[in-house]
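A short worksheet on the structure shown next.
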Amino acid sequence: MSILEVEHISKYFGKTEVLKDICFTLEENQVLSIIGSSGSGKTTLLRCLNFLERPDSGLIRVAGNVVYDSDMMKNMSESVIRKNRLHFGLVFQSFNLFPQYTAIENVMLARQLQAKKEPDYKKNKAAINEGIRKEAEDLLNRMGLSERMNNYPHQLSGGQCQRVAIARALALKPDILCFDEPTSALDPELTGEVLKVIKGLAEQKMTMIIVTHEMSFARDVSDQVIFMDDGYVLEYGTPDEVFGNPKMERTRQFLGNYN
Ligand SMILES: Nc1ncnc2c1ncn2[C@@H]1O[C@H](COP(=O)(O)OP(=O)(O)OP(=O)(O)O)[C@@H](O)[C@H]1O
Ligand SMILES: [Mg+2]
């Protein structure tokens, strides 16, 4: 069974259809890259998966369970949506760290908010918070940030901020981690360190969807690649198929800009 099944998603902004009948699947432990020109709908698709946008039609299943069905959405409560959202983590281009919190506090925050809602929180507060801190430390160590835990975002480089943002997304243990152009706000040197971390996650078999303009990285790290154009999935296959032998003229034209 695929970890993620996306069926016939469409999304309108006003009268403009920006996602058109999007269908794909993703297997557990695999990496899917999404490439395509500006405005083709890549961010909107990730936002739909993370329930930041509601598709106008279509169906999303995670591990066989329906987490979004446009026909049923009217009856879906906020608490169900919040729960379903936890299947996905999202790392943004611009990090979106809280400036008033340190690196480790940024990583701990979402887990702490979650824990506070658990029934036995008051009784075991100290132990639970200690566990959350320990997990955050482990994650920041994995991201190569053991020396930076108590720094505020303004004291960190862009690449370091992005690695904190990745640790923060991992803290909630998502089934699928999504990245929206994680390196496009970074200069080349810092891009390399973030791509290395993402490659490390792929080697540790994290299931990921990566929107990127880094074509050689996408080719190297992905199991599947989607090329989006004008709201459509125009090409969908292995890196060798999409990069090495694209079916559509439009894909060839797009890839030509990167050679
Ligand atoms: N909230 C919104 N309201 C109206 N239109 C929007 C909104 N968000 C996105 N769009 C439009 O939807 C289309 C797809 O945008 P999207 O941001 O998904 O593209 P993208 O592929 O991520 O582009 P880029 O590579 O520049 O990030 C664009 O035409 C955009 O102008
Ligand atoms: Mg985008």
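Quick look at the values:
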read-out: Cut-off under 5 Å, modelled amide H: who pairs with Val67 long-range; value: Ile60, Arg61, Val62
read-out: Accessible area per residue in Å² at 1.4 Å probe, computed on the chain; value: 50
read-out: Centre separation in Å (Cα based) which lies between segment 203-259 and segment 117-167; value: 33
read-out: Cα long-axis angle, helix 158-171 against the chain (0 to 90 degrees, to the nearest 10); value: 80
read-out: Qualifying GluC sites (Glu not before Pro) in segment 135-200, DSSP loop, other Cβ atoms within 10 Å at most 14; value: Glu147
read-out: Computed [θ] at 222 nm, helices only, for the chain once each DSSP H run of length n ≥ 4 contributes -39500 (n - 2.57); value: -11000 deg cm²/dmol
read-out: Heavy-atom SASA rank of Arg163, Arg54, Arg61 (probe 1.4 Å, accessible area, largest first); value: Arg54, Arg61, Arg163
read-out: For segment 59-186: span of alpha carbons on each principal axis (Å, largest first); value: 48, 44, 24
read-out: The chain: most fluctuating residue of His87, His213, His154 per GNM, C-alpha cutoff 10 Å; value: His154
read-out: Cβ-derived FRET efficiency at R0 30 Å, Ala126 paired with Ser77, nearest 0.05; value: 0.40
read-out: With every protein chain in place, the chain: carbon and sulfur % of accessible area (1.4 Å); value: 48
read-out: Angle in degrees between helix 125-142 and the longest Cα principal axis of the chain, rounded to the nearest 10; value: 50
read-out: In Hz, Karplus ³J(HN,Hα) per residue of segment 236-247 (6.51, -1.76, 1.60; θ = phi - 60°; x = Gly, Pro); value: 8, x, 6, x, 4, 5, 6, 8, x, 8, x, 7
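The values are calculated or read from the model by the stated rules, or taken from the named source; none is laboratory data. What you see is a predicted model; the values in this text were computed from it and never measured. So basically every Cβ, Gly included, is an ideal-geometry build from the backbone, and we count neighbours across all protein chains shown. Note: areas computed on protein heavy atoms with side chains; ligands, DNA, RNA excluded. Shrake-Rupley method; radii C 1.70, N 1.55, O 1.52, S 1.80 Å.
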